[in-house]
Structures are given as structure tokens and as C-alpha cells.
1. If only one of 170, 116, 150 is within 20 Å of residue 246 (Cα to Cα), touching a strand residue (DSSP E or B) at 6+ places or on another chain (Cβ under 7 Å) and away from ligand 2 (no atom under 13 Å from the Cβ), which one is it?
2. Of all the residues that make up region 97-129, how many are out of contact with any helix residue (DSSP H, G or I) (no Cβ under 8 Å at 6 or more places or on another chain), closer than 27 Å to residue 225 by Cβ and away from ligand 1 (no atom under 16 Å from the Cβ)?
3. So residue 35 fits all but one of (1) closer than 30 Å to residue 136 by Cα; (2) at pLDDT 95 or above; (3) surrounded by fewer than 19 Cβ atoms within 10 Å (Cβ to Cβ); what number is the exception?
4. Scan region 219-240 for residues that are away from ligand 2 (no atom under 11 Å from the Cβ) and either in contact (Cβ under 8 Å) with a residue 24 or more places away in the chain or more than 9 Å from residue 124 (Cα to Cα) (or both) and report the count.
5. If the Cβ limit is 6 Å and pairs must be 6+ apart or interchain, which residue in region 7-36 that is assigned to a loop (DSSP other than H, G, I, E, B) pairs with which residue that is at pLDDT below 95?
6. Name the residue that is farthest from ligand 1 (Cβ to nearest atom), counting only residues in region 228-256 that are under 29 Å from residue 50 (Cβ atoms) and touching a helix residue (DSSP H, G or I) at 6+ places or on another chain (Cβ under 6 Å).
7. Mind checking whether some residue in region 119-126 is over 23 Å from residue 198 (Cβ atoms), under 14 Å from the mean Cα position of the chain (by Cα) and modelled with pLDDT of 95 or more?
8. Any residue that is over 19 Å from residue 233 (Cβ atoms) and within 16 Å of ligand 2 (Cβ to nearest atom) - is there at least one of those in region 87-96?
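The values are calculated or read from the model by the stated rules, or taken from the named source; none is laboratory data. None of the values given here were measured: they were computed from a predicted structure. All Cβ positions, even for glycine, are placed from backbone atoms using ideal geometry, and neighbour counts span all protein chains on display.
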Ligand code: 0L1
Ligand code: MG
């Protein structure tokens with residue numbers, strides 16, 4: 001890893017155990033920088049990598065990655081200025097129209113994202129939008145259910161990265177489309193909760209073009225000594241602000257050209 005790591009191995013393992021406990025038993029914890037104010041972004045990724053290693057050792061399968069905090073709306077909402085990445089496993093996936101339990105989540109929020117499925121592996125540094133488009137099998141609409149484990153959503157970038165970018169659940173669906181059939185910058189999205197419109201936007205909100213967010217993700221992976229394998233499912237980041245959900249809520253994300261994705265939330 002070429003990132004600046006300042007924490008000792010013991011501290012990385014300690015923080016990873018703290019985040020893993022909060023994620024698996026669904027309780028809120030103070031942001032990690034309260035105890036380690038000098039924590040760097042590299043330290044955040046060191047904790048995230050340890051979390052990924054542990055989940056995989058327990059039998060979880062890595063299915064892809066997510067870019068997070070990729071729109072101005074999200075950055076303003078969360079008070080940070082740089083995007084992040086996180087990993088996705090089979091245990092986080094939920095089918096379209098699923099009833100998603102909230103009892104194993106802390107304070108879930110939903111956001112609409114364009115997801116990419118890769119037909120070729122990608123490696124950084126220097127990955128570009130065109131490299132991403134050439135390596136994409138198809139895109140599809142997705143909803144990410146994020147769940148920051150930090151009390152009162154009070155966190156900073158290093159803490160969020162350690163918490164795997166707030167990754168919790170994701171639902172892909174709608175219509176899969178080839179990228180050369182679409183203008184990926186101008187896809188409109190409307191998010192409905194219980195039949196009311198609670199968010200809307202256009203895909204250019206994600207770094208000007210969602211494929212740029214995937215290129216950014218591949219270049220961060222290179223800094224972590226990783227590549228993006230063929231077959232990966234990759235989410236490019238929320239187009240609108242994230243919206244809180246609770247048991248009883250139904251959510252539908254309607255994407256121009258890509259169809260819609262729905263789910264409901266239960267206890
Ligand atoms: O998916 C994302 O944009 C990451 C969000 C991290 C912060 C949050 O919990 O809202
Ligand atoms: Mg997201």
C-alpha cells in the first residue's frame with residue numbers, strides 16, 4: 001500500500017474489531033478519530049483492508065466495490081471533500097423487491113446509483129473514463145443502503161473509510177443496458193419513499209460522469225495494491241442526497257432508460 005499509515009498493527013486490529021462489532025451487532029460507536037485524532041486516510045484504508053480480510057476468512061465472498069461521496073450533494077451532506085471506496089460482499093446483496101430488515105442496521109439511508117458490471121479487469125494508476133467504458137459489460141440501476149456506524153452521523157473521512165464507506169446493503173435491478181446505448185451523464189433519477197418524491201437528480205452529479213467515479217475507484221485500488229477483477233459489480237456513488245428509512249417504508253428508485261428498483265423495509 002503506498003498510502004501513509006501511521007497506526008501500529010495493534011491499533012489497526014483494535015479499530016477493526018471495534019468497527020466489525022458495530023457492523024455485525026448494529027450499534028453506534030464514536031468516530032475513530034476521537035481516540036486517534038491523527039488518523040490518516042491511509043490508516044482508514046488499513047482498517048478497511050483488515051475488515052475485508054476478516055470477512056473473507058469467515059466465508060463472505062467479495063463481489064465488487066463501491067465509490068462513495070462522489071457527488072457535491074453527498075460531500076456537503078456529510079461535510080467531507082474527497083471521495084472514498086469500500087468493498088461489497090455477497091452478504092450485503094438483497095434481491096429486487098426484497099423486504100429488508102432494519103433490526104440489523106443502525107440508521108439506514110438509501111441512495112440511487114448507477115452500477116457497472118465489468119467484463120474485463122482494470123488496474124490503475126492512470127485508469128480513465130474510456131478505460132472504464134471499454135471494460136464495462138453493462139450498467140444497471142441500483143439502490144445502496146448505507147449505514148454509518150458512527151453516532152449521530154458525526155464522522156470524518158478517515159473514520160468513514162475504516163467503516164467501509166458506510167456500506168451495508170445494496171439492491172441491483174431494473175434493466176441492464178450496454179454503455180454505448182446511453183449517455184451516462186444525463187440519466188435522470190427520481191427517488192420515491194412511500195409514493196412521495198424525496199430526491200431527484202441527474203447522473204452527471206457523480207463526478208461529472210459515473211464512469212469517472214469508477215476510474216477514481218480503480219486508481220485508489222492501485223494505491224492499495226489491488227485491481228478490479230472482471231465480473232465485479234461496482235457502484236459509482238449516490239446521485240442524490242441519502243434519505244433515511246425505517247420499518248414500514250417502501251422505496252422506488254426510477255431511472256431514465258434503466259427502469260426502476262424497489263424494496264421495502266421491515267423490523
Ligand atoms: O456511499 C457513500 O456515498 C458513502 C457514504 C459515507 C457517508 C455516509 O454514511 O453517508
Ligand atoms: Mg453510495
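1. Working: 170 fails: away from ligand 2 (no atom under 13 Å from the Cβ); 116 fails: within 20 Å of residue 246 (Cα to Cα).
Answer to the selection: 150.
2. Qualifying residue count for the region: 1.
3. Against the list (1) closer than 30 Å to residue 136 by Cα; (2) at pLDDT 95 or above; (3) surrounded by fewer than 19 Cβ atoms within 10 Å (Cβ to Cβ), residue 35 comes up short only on (1).
4. Restricting attention to region 219-240, the residues satisfying the condition of being away from ligand 2 (no atom under 11 Å from the Cβ) are 219-234.
Within this subset, residues satisfying the condition of being either in contact (Cβ under 8 Å) with a residue 24 or more places away in the chain or more than 9 Å from residue 124 (Cα to Cα) (or both) are 219-225, 227-234.
Selection size over region 219-240: 15.
5. From residues that are assigned to a loop (DSSP other than H, G, I, E, B), the pairs are 31/154; 31/155.
6. 228
7. Checked region 119-126: no residue is over 23 Å from residue 198 (Cβ atoms), under 14 Å from the mean Cα position of the chain (by Cα) and modelled with pLDDT of 95 or more.
8. Within region 87-96, none of the residues are over 19 Å from residue 233 (Cβ atoms) and within 16 Å of ligand 2 (Cβ to nearest atom).
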